[in-house]
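Bear in mind these aren't lab numbers, they're just calculated from the coordinates by the rules spelled out. Bear in mind that the values here come from a model prediction, so they are computed numbers and not experimental data. With ideal geometry, Cβ positions are generated from the backbone for all residues, glycine too; neighbour counts draw on all protein chains shown.
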Amino acid sequence: MITPDEIHDKAKRLYPKYVAAWIHGESTFFPCSIAANKQVSADYTSASAEIQQLRRASKEVVGSGYSIRWE
């Protein structure tokens with residue numbers, strides 16, 4: 001599963017694209033989706049820990065940062 005650090009790294013790579021969009025007056029850059037194309041651990045205990053790690057670092061808990069769309 002994707003980790004908060006991996007989300008941070010992907011967001012940092014998006015920054016130059018955001019600046020370019022801002023310079024060109026584009027206002028539709030955000031919200032921006034970051035794919036998390038990774039499998040959840042098969043072991044329930046590990047999967048639960050990974051999910052909780054994501055939730056603890058999310059905007060709904062911290063107040064800023066990334067939002068999670070649960071499916």
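Data for the structure
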| read-out | value |
| --- | --- |
| Radius of gyration and maximum dimension Dmax of the range 4-62, Cα, Å | 15.0, 47 |
| Theoretical ellipticity at 222 nm over the chain - DSSP helices of four or more residues, -39500 (n - 2.57) apiece, nearest 500 | -16500 deg cm²/dmol |
| Sites residue 53 and residue 24, calculated FRET efficiency, Cβ-Cβ separation with R0 35 Å, nearest 0.05 | 0.45 |
| Cα long-axis angle, helix 44-56 against the chain (0 to 90 degrees, to the nearest 10) | 30 |
| Between helix 4-23 and the chain: long-axis angle, C-alpha atoms, 0 to 90°, nearest 10 | 10 |
